[in-house]
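Trainee: My questions will all concern the structure given below.
Nothing in this text is a laboratory measurement; each read-out follows from the coordinates by a stated rule. For clarity, every value in this text was computed on a predicted model and none was experimentally measured. FYI the Cβ positions are ideal-geometry reconstructions off the backbone, even for glycines, and counts take in every protein chain you see.
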Amino acid sequence: GNSNRVGAPGGPCPAGFERVNGSCEDVDECATGGRCQHGECANTHGGYTCVCPDGFLLDSSRSSCISQHVISEAKGPCFRVLRDGGCSLPILRNITKQICCCSRVGKAWGRGCQLCPPFGSEGFREICPAGPGYHYSASDLRYNTR
């Protein structure tokens, strides 16, 4: 009989395991690197988890840590034009800084006229981790409790 049990001799190993000397051994995903942006990779049985530093939360893909600034729900004016050091042409409704700055429509946000980080900069990547046109909301995240 050709049983397809986990780790049956010659059969495939389950996800997160690899065949070593005829038995299925856990793969250390953290050894390959490039996982857990802004966090620490911790190998688990059959997978891995990300441990996030203070001020960061695990995102919904559970594969990177994003700054709590990213999910601020505070809403404010989003300005389309910067002129002579001041902000003008706010869009009609107040929105969060992420939606304003990550949409590339906004040049600055909030009553204090905070400049949006330049596209592609480190600051832009921090508040727009998914790239332009995407933003996170708190509901996308499960809070990471240690």
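Trainee: Counting only other residues whose beta carbon sits under 13 Å from that of Ser67, what net charge do I get with K and R as +1, D and E as -1?
Mentor: -2
Trainee: Run the dipole for region 17-67 about the Cα centre, Lys and Arg Cβ at +1, Asp and Glu Cβ at -1, nothing else charged, and hand back the magnitude in debye, nearest 20.
Mentor: Numbers: 3 positive and 8 negative charges, 24 e Å.
The dipole magnitude comes to about 120 debye.
Trainee: While we're here: Please find the FRET efficiency linking Ala42 to Glu122, where r is the Cβ-Cβ separation and R0 is fixed at 25 Å, and quote it to the nearest 0.05. Walk me through the intermediate numbers first.
Mentor: Details: r = 25 Å, r/R0 = 1.01.
Once the sixth-power term is evaluated, E becomes 0.50.
Trainee: Using each residue's phi in region 106-120, evaluate 6.51 cos²θ - 1.76 cosθ + 1.60 at θ = phi - 60° and report the 3J(HN,Hα) Karplus result to the nearest Hz, with x for Gly and Pro.
Mentor: Karplus-based 3J(HN,Hα) across region 106-120 equals x, 9, 7, 9, x, 4, x, 6, 6, 5, 6, x, x, 3, x Hz.
Trainee: Using mean Cβ contacts within 10 Å as the protection proxy, how do 54-61, 104-111 order, highest first? Don't skip to the end; give the middle numbers.
Mentor: Working: 54-61: 15.5, 104-111: 18.1.
Result, highest mean Cβ count within 10 Å first: 104-111, 54-61.
Trainee: Give, rounded to the nearest 20 debye, the magnitude of the charge dipole that region 62-131 has about its Cα centre when Lys and Arg contribute +1 at Cβ and Asp and Glu contribute -1 at Cβ.
Mentor: 200 debye
Trainee: A further question on this structure: Karplus couplings for region 57-65 from phi (6.51 cos²θ - 1.76 cosθ + 1.60, θ = phi - 60°), rounded to Hz, Gly and Pro as x?
Mentor: Result, ordered by residue: 10, 6, 7, 5, 7, 6, 10, 8, 9 Hz.
Trainee: Rounded to the nearest 0.05, what FRET efficiency is calculated for Val105 and Glu73 with R0 set to 25 Å and r the Cβ-Cβ distance? Please report the intermediate quantities before stating the final value.
Mentor: Details: r = 19 Å, r/R0 = 0.77.
For Val105 and Glu73, the calculated efficiency is 0.85.
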